[in-house]
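Handing you a structure now.
The values are calculated or read from the model by the stated rules, or taken from the named source; none is laboratory data. None of the values given here were measured: they were computed from a predicted structure. So basically every Cβ, Gly included, is an ideal-geometry build from the backbone, and we count neighbours across all protein chains shown.
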Amino acid sequence: MSDSRGRAIVFVDGNNLYRGLKTCYGIERLDLEPFCRHIVQDRELRAIYYADASFLQERGQENYRRQQAYFSYIRRIKGLIFRRGYYSEWTTPPTEKAVDVYLATDMVDLCHRDEFDVAYLVSGDADLAPAVDILVGRGKHVINVYLDHRKRNSYALRAHCQGNFKHITQTIAEQFAWKPPT
């Protein structure tokens, strides 16, 4: 039996969020579990699907180290499923691969298995729109969660979410900013 307020799953495009937060608010990462609980409010948080690719060490040891510390931290979150993409070094600059596909296939698979009522998609990447269209077509509620900033927005993706969105404002980003252990 599901919670009468709705079963929620949060899908996070880690690199897209990282780049947006850094560009707009000067923040690298969010304390993921409290942030996800904040956005789903009184819904039952069933899982967090987080997809990202490891930075290439040769392009910056310090960035790689900080990212790996964050990955280590989030992997301890109960109910978090981590999907690891990769960077293709065949392009200049190297490009992230597989992350969007992981998120899209997980969203569609879990939709077909009726694992959630509401999907929170934390991304500004319009490449995820076809997966969102499938969820909406199957009667799922999809809420796009992304930055409240003109430099990085998700207007194209939001339209597929039937206009349902929540902003990550600077205040929210600061409230849930992750502080690495020292």
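Collect the residues in segment 114-131 that are part of a helix (DSSP H, G or I) and over 25 Å from LYS22 (Cβ atoms), keeping them in residue-number order.
Correct list: PRO130, ALA131.
Could you grab the pairs with beta carbons closer than 7 Å, sequence gap of 6+ or different chains, first residue in segment 56-68 and over 12 Å from TYR87 (Cβ atoms) and of a type outside the set (Gly, Ala, Ser), second one surrounded by fewer than 13 Cβ atoms within 10 Å (Cβ to Cβ) and at pLDDT below 90?
ARG66/PRO180
Let me ask another. Mind listing whichever residues of segment 12-69 are assigned to a helix (DSSP H, G or I), in contact with a Ser or Thr (Cβ under 8 Å, 6 or more places away or on another chain) and surrounded by fewer than 21 Cβ atoms within 10 Å (Cβ to Cβ)?
Matches in segment 12-69: TYR64, GLN67, GLN68.
So, one more: Of all the residues that make up segment 71-84, how many are surrounded by 14 or more Cβ atoms within 10 Å (Cβ to Cβ) and without any contact (Cβ under 8 Å) to a residue 60 or more places away in the chain? Even if it seems obvious, please write down each step before you answer.
Taking segment 71-84 first, the residues surrounded by 14 or more Cβ atoms within 10 Å (Cβ to Cβ) are 71, 73-74, 77, 80-84.
Checking which are without any contact (Cβ under 8 Å) to a residue 60 or more places away in the chain leaves us with 71, 74, 77, 80-84.
Total satisfying the criteria: 8.
Identify, from the list ARG43, ARG19, ARG37, the residue that is farther than 23 Å from SER72 by Cα and out of contact with any Pro (no Cβ under 9 Å at 6 or more places or on another chain).
Details: ARG19 fails: farther than 23 Å from SER72 by Cα; ARG37 fails: farther than 23 Å from SER72 by Cα.
From the options ARG43, ARG19, ARG37, the qualifying one is ARG43.
Need the failing condition index for ARG19 against (1) closer than 18 Å to SER123 by Cβ; (2) among the charged types (D, E, K, R); (3) modelled with pLDDT of 95 or more, just the number.
Here ARG19 meets the rest and fails (3).
Being part of a loop (DSSP other than H, G, I, E, B), at negative phi and at pLDDT 95 or above is the requirement here; does ILE81 meet it? Lay out the reasoning, then the answer.
Values: part of a loop (DSSP other than H, G, I, E, B): no; at negative phi: yes; at pLDDT 95 or above: yes.
The answer is no for ILE81.
While we're on this one: Have a look at LEU103, LEU121, LEU56, LEU147 and point out the one that is over 21 Å from ASP42 (Cα atoms), at pLDDT 95 or above and aliphatic (A, V, I, L, M).
On the way: LEU121 fails: over 21 Å from ASP42 (Cα atoms); LEU56 fails: at pLDDT 95 or above; LEU147 fails: at pLDDT 95 or above.
Checking each option against the conditions leaves just LEU103.
Let me ask something additional. In contact with a strand residue (DSSP E or B) (Cβ under 9 Å, 6 or more places away or on another chain), more than 22 Å from ASP100 (Cα to Cα), at pLDDT 95 or above and of a type in the set (Asp, Glu): does that describe GLU33?
Here the answer is no, as GLU33 does not meet what is asked.
Can THR91 be described as modelled with pLDDT under 95 and either surrounded by fewer than 16 Cβ atoms within 10 Å (Cβ to Cβ) or part of a helix (DSSP H, G or I) (or both)? Outline the logic, then answer.
Working: modelled with pLDDT under 95: yes; either surrounded by fewer than 16 Cβ atoms within 10 Å (Cβ to Cβ) or part of a helix (DSSP H, G or I) (or both): yes.
When the stated conditions are applied, THR91 passes them.
Do we have VAL108 as within 25 Å of GLU33 (Cβ to Cβ), part of a helix (DSSP H, G or I) and touching a His at 6+ places or on another chain (Cβ under 6 Å) here? If you could, list the steps in order and put the result at the bottom.
Details: within 25 Å of GLU33 (Cβ to Cβ): yes; part of a helix (DSSP H, G or I): yes; touching a His at 6+ places or on another chain (Cβ under 6 Å): no.
Answer is no for this residue.
Do you know which residues across segment 1-15 are within 14 Å of the chain's Cα centre (by Cα) and modelled with pLDDT of 95 or more?
Within segment 1-15, ALA8, ILE9, VAL10, PHE11, VAL12, ASP13, GLY14 qualify.
In segment 149-172, what count of residues is obtained for those that are more than 16 Å from ASP127 (Cα to Cα), buried (at least 17 other Cβ atoms within 10 Å of the Cβ) and touching a Gly at 6+ places or on another chain (Cβ under 9 Å)?
2
Restricting to segment 132-148, count the residues that are more than 17 Å from the chain's Cα centre (by Cα) and not in a helix (DSSP H, G or I). Full working, then the answer.
Of all residues in segment 132-148, those more than 17 Å from the chain's Cα centre (by Cα) come to 133-134, 136-140.
In the following step, the residues that additionally are not in a helix (DSSP H, G or I) were identified as 138-140.
Residues that pass the stated criteria total 3.
Further question: Counting only residues that are among the basic types (Lys, Arg) and more than 16 Å from the chain's Cα centre (by Cα), which one in segment 73-123 is nearest to VAL10 (Cα to Cα)?
It comes out as LYS78.
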